[in-house]
Amino acid sequence: MNGCNLRHSPFSEWWRGQNLTLPPMVTNLAAKGSNATITVSWSNPVSEYLAGIAVVYNDDHMPEKPSDGTKVDAGLAETVDLTGLTNGTLYYIRVFPYNEKKQYQTLIDGATTSATPNIGPAQVTNFQVTGSGSSPVLSWVNPTDDPLYKETVVVQKVGSAPTSITDGTEIYRGTGTTVTATDLVRLEKYYWAVFTVDEAGSHRSPVVSDPYSYDFPANPESYIELERATTSKTFIAPEDGWFEFIGLAASGKGGASASRMWGKRYYGGGGGGGAGGVVVSILALNKGDTVSLSVGGGVAISRGSEYASASSGGPGTNAKSNSQYQYISSGDGGSGGGASGGNTANQPGSQGGDGRSVSYDNDTPESSLWGVGATNSYGGYSTSGGAGNNWSGTAAYIVILRGNTNIPEPSTASVLSLTPRNASIEASWTNSEDPESVGTILVSSSDHVPVHPTDGTSVDVAGATTYTISDLPNDTPTYVSLFAYNADKSKYSAAKSDVEIPREVTWYDVQEDLKEDIADAQEDAEQAQEVVLLTRDFLPDAIAITLPEIYDEWNPDSVSYIGKDTATKDKPTSIVRYNDALYRCLQSHTSQASWTPEASPSLWVLIDDPAIEWPEWKQPTGAHDAYDLNAKVSHNGKKWISQIEANTVEPGTDERYWKEYTE
């Protein structure tokens, strides 16, 4: 090389097959199709030589070089959308990292992928946003009858509607039909887009909600008592709104009185108990916010950094009798409790009244001897110390009040009872006495417990307390929930849920008095069994085939069986079980071992399962088992439909009698 030094040349490694000035290959390359679009994503390599990424694609073969297909320059981004594609077509995709001189990295490992854009499954239907406040409920119906459907994705965005499945915050992914949006910010404008995707992630345009926002309830003009806490607890706000907490600490009890006889009767009155402190806090709460309430001798109201407390009033002291002198000392009044932190009122308690001493010629002192207990009150609620003579003071309590501008949820109905019937369920319940509850919605589902008023088959039953759900499949669970609602249906109660299985009736009404027989049979298990035995041969084939266990096995030992030829209203044709199948008798006879139902088509006919649309053809033995017009059968691997009444001809032998069915 005539002394040329290649040690530090950019081409020093070229002769070994690698140019070290080229950037490395990307990692995590992936492609996902959607409607006429493929989204390609990757992770850029960390390299000083990386200037950009070229994405090349075609629908014929994997690109071999940057010019071998349609090229999209993604710059230093890590994702790009390939648009204007043909749905259902497989596209081959390759990425080429390049340096600032537009020299391309052509390593194949990790550089290729493929994807097929598709229009995606059908959209969801019946998309609704219910409720109000910071936690609305979203519900929809999935296109489960679309074979492309795999799952549903819900995307939330503030300010504008999501334009793609990645444009916003994903709050749900799965096959359910509801999600609760949580922690929404007051006055923000929210949009939700519901996408349905297939196995490959393809989707069509979403169903998008109207803009949603909420404001906090207006400042109340008054408050309504919600409950009183006499022990410590955590209060959970049942709705967005204003709540007032009035804490009244315990007041002291009165001191004991004393008396002594020394010629005259001497009395000393005990001191009155001091009043406990009172604190009042008005808090703006979102549904689900918690407030810690402490109730003992004192009270405390705590929510985050907001804290209010009041201490209890002191007891009055006892009067004292001096045994050596004619002296009776009166009791002192108890001290008042303190109060601090209330954001509306902060009222310390006052001291109880002192007792006094007096002498009498009789044993009846005046009540005015006793110290008067102090009182502390707010808004019609009060706490008072006990009077002298040892009367107890008021125990501590906290009153919780709801603002009159709040929109409360109605109380849930109770005592939900479900009674299964044949293909139906009778539901009954007790409505709450909550004036906020003006009606009830009953919701049923065959595969899950409904969690909101549109999560299943819904019926508004208004103020009723019973409802019969009909047309249900027997032996399949049916889930039932109740939701009470308020006057404008802006609030619903939590679900009152239960599940039942309708029972299948195991006999068939064939006589006028059968219902009476069944009613009697239900009172006695043995009688019920007898009714089944007496009525089982009256069952039509469609029901008999579902109850093989109630029929006896065929008996070869000279048993008399009744056939269609001699059957009457009172004595129906016999049905027997043989080799796990049911047979109905065609001709009356006395059984013998060689006349098995399977081998005696003139005596017995197989009862076909009505669920089998195309049963195997059997050679009729006469008019009694000939095929009707439009009867469906399978024969010699084909499906046939009868073209005449009383058809006894073998399918495929004459097209006048059977027409081949082709799908």
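Some values worked out for this structure:
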item: Computed FRET value (nearest 0.05) for Asp557 with Asn219, which takes r as the C-beta separation and R₀ as 56 Å; result: 0.05
item: Difference of contour (0.36 nm per residue) and Cα-Cα distance, Ala623 to Thr465; result: 51.4 nm
item: Glu48 versus Asp570: modelled label distance in nm, points set 7 Å from Cα along the beta carbon direction; result: 11.1 nm
item: Nearest-ten-degree value, helix 514-523 long axis tilted from longest Cα axis of the chain; result: 50 degrees
item: Modelled FRET efficiency - R0 45 Å, Ser588 with Gln643, Cβ distances, 0.05 increments; result: 0.90
item: Calculated FRET efficiency for the pair Asp73/Arg173, C-beta based, R₀ 30 Å, to 0.05; result: 0.40
item: Cleavage-rule hits (GluC sites (Glu not before Pro)) in the range 73-179: DSSP loop, at most 14 neighbouring Cβ within 10 angstrom; result: Glu78, Glu100
item: Angle between the chain longest axis and helix 525-535 axis [Cα atoms, degrees, rounded to 10]; result: 30 degrees
item: Mean Cβ neighbour count within 10 Å, used as a protection proxy, ranking 383-393, 55-65 highest first; result: 383-393, 55-65
item: Extension gain from Thr182 to Asp289, taking 0.36 nm per residue of separation minus the Cα-Cα distance; result: 37.3 nm
item: Extension gain from Ile236 to Ala345, taking 0.36 nm per residue of separation minus the Cα-Cα distance; result: 37.0 nm
item: Solvent-accessible area, 1.4 Å probe, carbon plus sulfur percent, for the chain; result: 47 percent
item: Thr457 versus Ser497: modelled label distance in nm, points set 7 Å from Cα along the beta carbon direction; result: 1.9 nm
item: Surrounding net charge for Pro66, when Lys and Arg each add one and Asp and Glu each subtract one, Cβ distance under 14 Å; result: +2
item: Karplus-derived HN-Hα couplings along the range 636-647 (A = 6.51, B = -1.76, C = 1.60, θ = phi - 60°), whole Hz, x at Gly and Pro; result: 6, x, 10, 10, 9, 10, 5, 9, 9, 7, 6, 7
item: Accessible area per residue in Å² at 1.4 Å probe, computed on the range 220-327; result: 44 Å²
item: Kirkwood-based shape ratio for the chain, expressed as Rg/Rh from alpha carbons; result: 1.23
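The values are calculated or read from the model by the stated rules, or taken from the named source; none is laboratory data. Source: prediction; values computed, not measured. Don't worry about glycine lacking a Cβ; one is built from the backbone with ideal geometry, like all the others, and counts go over all protein chains shown. Ligands, DNA and RNA are excluded from the accessible area calculation, which covers all protein heavy atoms including side chains. Shrake-Rupley method; radii C 1.70, N 1.55, O 1.52, S 1.80 Å.
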